[in-house]
Every structure is written in C-alpha cells, then in structure tokens.
Amino acid sequence: MENPFENAMQQLSKAASIMNLDKNIHEILKQPDRVLTVSIPVKMDNGEVKVFTGFRSQYNDSLGPYKGGIRYHWNVTPDEVKALSFWMMIKCATVNIPMGGGKGGIIVNPKELSESELEKLSRGFIRKIWRNIGSDKDVPAPDVYTTPQIMAWMRDEYEKLLGKSDPGVITGKPIEQGGSEGRSFSTAQGGVYCVQELAKKMNWDPSQTAVSVQGYGNAGSFMAKILHELGFKIVAASDSKGGVYKEDGFNPEELFKHKQESGSVLGFKDTKEITNEEILELDTDILVPAALENVITDKNANNIKAKAVVELANGPTTPKADEILKEKGVTVVPDVLANAGGVTVSYFEWDQNVKSEHWSEEEVLEKLERIMVDAFDQVWETKEKYGVDMRTAAFVKAIERVGEKISF
Ligand code: GLU
C-alpha cells in the first residue's frame, strides 16, 4: 500500500534538491503545524450513538489562512489528510493566492447515512474544531463526498458558536448563502484552462484529441462536459462501478444524466464496458484521473498510452510512476496546478465574503483564467529551466514562495 504522506515527502525532497533548498526550511516543511483528531458522537436514526473520527491537518499558514477541503470517506487516514494538506500548501502557492495549506477528513461512508445523520455529523465536527478555524485562521471547503449543503450546515454551526456572522469561515457554500458564482465547476474549469494551454504548446487540434476521464463525480463530469463543448472528443469515462468506452466519442452531458438516473456510467448507450484498470491504459491523447490517490503506480505506469495526464484528483500518480512516465515522454500536468481552479474560486468566495461583495460568473471566470494561465506558463518555464517534470517545477515555484515567508 502506498502511503500518500511518504509520497508527498519524496516529491518535496526531489524539488528541494533541484532548487538547493535551505536545509532548515526543508526540515520545517516536513511536518504539519498541527493535526487535530476528534471524536464525533452522532445519535443515529435508530436511537443508537455512533462515534466517528475526524481530522483537520493545518500544514502551513505562511502565505495566509490554512485552506482546504473536508473529505467524507471510509478510507480517510491521518497520513492521507496530512498529505492532502501539504499538497494544498503547494497548490495555493503554485497559483500564487494568499492562502496556506489545510485539509480535513472524517472516516465515514456518507452514502450509508440519512440526511439528518449527515447534518448531525457535519455540525458535530464543527463543534469539535471551531476554535481552530475562522475566516482569518483556517477556511475549510468541500472535497470528496462533501457538498455545498454540508458547507452551509458547517457555517451555520460555526456562527452559532462564535455568536456572530463570519461567512468567510468556509467556502463552497450554496450561492444563496454566500457562495461564489462558478465555484461548482471551478475545479473542472481550471483543468480545462490547463488542457487548452497544453494543447497550444503541443499543437493539438481539439477535434483530433481524445480524452478519457477516470472518475465521473463533480470534477470529472464537468471537465468532460466543458471539453466536449470546446470540441474535444470524450471517449471514455468511469466511476467506482466500472467504465464505458466509445472510440469516436460520446456526449458527456447525456452520460451524466444516465448516471443520475441509473447510479452508474455503466450501460450507457452504444458504449463498450471497460474496467477501472482498462480506462487508465486506453490509447487516448489525454487521461484525466478525477477520483482518488494512487491510481497510476509503478505497476501500471508502463502501460499508460496517453500522451498527457491531467490530474484533476489529488495525488493520483505515485513518485515511481512519475519517473516512468517522464521516461516514456508522457507529460503530467500535476494536481497542484491542474485542479487548483477549485481552491482559486474558493479564495474568490472568501474574498467576496470578507468584502461583502458578489461577483458575476463572467468576472469570476475571467480572473480564474488569468490566474491559471499565468501559473501554467510559470510552471512550464520552470520545467524548461531545470529540465524537470511539471510537478517538480510547480513544487520549486511554490516552495520558493512559501520559503521566503518562513522565519526561524
Ligand atoms: N478540495 C479542493 C481541493 O482539493 C478545494 C479546496 C478548497 O476549495 O479550499 O483543492
């Protein structure tokens, strides 16, 4: 089993040696500032109390308040949350927004909870961590299996405890409760800007560019939809139950409707059924992992046929797989850049809340595009300068920015 935190530390060491990072700063960046571990008792619908375990890792706040989502998943571990909070620090610094790195998680299968149990769990988590969060301290957001509704419950609970309003304590809220226009599809939109920049560098024509998307949740399905509207060919998609493939492409919006109705992408008209392993190894131009960590490893990296991997998920590629892909000439647009659209619009949401403003979707997307294109160009330039992969280049840029602010 791959340990995501060990992998994150290997990525850090690789960048540190390329950039000749000060040893003391490297030491400081090897640990989070703190990891809160809390027990959350929830009275279930059957009257019995069940105690859940939750974590919040606050990695580093040199550039601004800790920032990052809260994940509800049965496989959450402290090391996963630590790794994800470290990547948030790198991500915010890569796109140069004034936020630090944080991440939370609760060990739970949210699909097994009723709506009222979910609400109690979400409020219970906030009751345990509320003194450590706030718009000027730590700003959570959605992640795997958490939603705008959950963010609204959390904000409400926090403000009750605080005794005053602080809408910027959490982002990814419903629009009518202080959420930002564009936040719901911003992770995907940021990934799309990266694909467009990459296509320019590589001289790819969208209509001749085939894309497969592993993971058809919020990020993956929106990415497929937007790319399709731009003329890219979406040829495969998968979810936890398996995948579907059609060589000349399909309409991802129709696939989304099919999944909503039937609970899975499987059985979508005119497609061939494939497995979750097969989707990674298809002969496509762009592979978008959009689910969880550690799906591209030293076991399958050699079989990847895509020309580029655009990481919408966090941590989908292990360090050993990165080496193999580089050797094979596969360009990896790393998570800390490719999926940074989500946290960037979260930062816009926080900024609007703090200033009591509401920006139009047009304004949000214009600002997002500028940030993503700038970050992409800077990472590309750094990659050329040091002759490294894009992940290492992003880390070098990010650590330069964080390192400057660390004093000891
Ligand atoms: N969970 C998202 C991520 O991994 C968004 C975090 C945020 O908006 O703060 O980037």
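The values are calculated or read from the model by the stated rules, or taken from the named source; none is laboratory data. No experiment lies behind these values; they were computed from the predicted model shown. Every residue, glycine among them, receives a Cβ derived from its backbone with ideal geometry; neighbour counts consider all protein chains shown. The area values use the complete protein model at the heavy-atom level, side chains included, leaving out ligands, DNA and RNA. Shrake-Rupley method; radii C 1.70, N 1.55, O 1.52, S 1.80 Å.
In the assembled protein chains, residue 184 presents an accessible area of approximately 70 Å² (probe radius 1.4 Å).
Working note: Karplus 6.51/-1.76/1.60 with θ = phi - 60° gives segment 205-220 the couplings 8, x, 5, 9, 10, 8, 10, 10, 10, 9, x, 10, x, 4, 5, x Hz, where Gly and Pro are set to x. Averaged per residue, segment 120-240 has 37 square angstrom of accessible surface, using a 1.4 angstrom probe with ligands and nucleic acids left out.
Contact order, relative form, for segment 260-361: 21 percent (alpha carbon pairs under 8 Å, 6 or more residues apart, mean separation divided by residue count).
In terms of the Cα gyration tensor, with a ≥ b ≥ c the square roots of its eigenvalues, is segment 96-181 rounded because a/c is under 1.5, prolate because a/b exceeds b/c, or oblate?
rounded
A simple rule links phi to the HN-Hα coupling: the Karplus curve 6.51 cos²θ - 1.76 cosθ + 1.60 with θ = phi - 60°, which for segment 320-333 gives 5, 5, 4, 4, 5, 5, 4, 4, 7, x, 8, 7, 10, 8 Hz, with x for Gly and Pro. Taken about its Cα centre, the chain carries a charge dipole of about 1000 debye when Lys and Arg each add +1 at the Cβ and Asp and Glu each add -1 at the Cβ. The alpha carbon gyration tensor of segment 327-408 gives principal lengths a ≥ b ≥ c with a/c of 1.5 or higher and a/b no greater than b/c, which makes the shape oblate.
Rounded, prolate or oblate: which fits segment 178-256, taking a ≥ b ≥ c as square roots of the Cα gyration tensor eigenvalues, rounded meaning a/c under 1.5, else prolate when a/b beats b/c? Oblate.
In this structure, residue 6 and residue 53 have a Cβ-Cβ separation that, at R0 = 22 Å, corresponds to a calculated FRET efficiency of about 0.55.
The distance linking segment 340-403 with segment 104-145 is 26 Å (Cα centroid to Cα centroid, whole angstrom). A crude spin-label estimate for the pair residue 149 and residue 355, with each label 7 Å from Cα along the Cβ direction, gives 3.3 nm. So if the hydrodynamic radius of the chain is defined as the Kirkwood radius over C-alpha pairs, what does Stokes-Einstein give as its diffusion coefficient at 25 °C and 0.890 mPa s, in µm² per second? D = 115 µm²/s.
As a length-normalised measure over Cα pairs under 8 Å and 6 or more apart, the relative contact order of segment 185-317 settles at 25 percent. Among DSSP bridges having both ends in segment 191-296, what percentage is antiparallel? Round to the nearest 5. Taking every DSSP beta bridge with both residues in segment 191-296, the antiparallel ones total about 45 percent. Ellipticity at 222 nm from helices only: DSSP H runs of n ≥ 4 in the chain, each -39500 (n - 2.57), divided by the residue count, give -14500 deg cm²/dmol. Note that segment 262-408 presents 42 Å² accessible area per residue, ligands and nucleic acids not counted, probe 1.4 Å.
The mean sequence separation of alpha-carbon pairs under 8 Å and at least six residues apart, normalised by the residue count of segment 1-122, gives a relative contact order of 27 percent. Between residue 59 and 33, 101, 102, 103, the built amide H atoms are under 5 Å apart, and every one of these is 5 or more places off in sequence or on another chain. Take the Cβ-Cβ distance between residue 107 and residue 406 as r, set R0 to 45 Å, and report the resulting FRET efficiency rounded to the nearest 0.05. With a Förster radius of 45 Å, E is 0.90.
Within segment 160-185, list the residues whose amide N lies under 19 Å from a label point set 7 Å along Cα→Cβ of residue 366. Counting backbone N atoms under 19 Å from the label point, the list is 180-183. Here the 3J(HN,Hα) profile of segment 159-172, calculated from phi with Karplus coefficients 6.51, -1.76 and 1.60 at θ = phi - 60°, is 5, 4, 6, 6, x, 7, 7, 8, x, x, 5, 8, 10, x Hz, Gly and Pro shown as x. Secondary structure note: in the chain, about 50% of the DSSP beta bridges are antiparallel.
Of the solvent-accessible surface of the chain, computed with a 1.4 Å probe over protein heavy atoms with every protein chain present, carbon and sulfur atoms account for 46 percent. Straight-line cross-link partners of residue 43 among the lysines, defined as a Cα under 20 Å from its Cα and at least 8 positions apart when in the same chain: 111, 120, 128.
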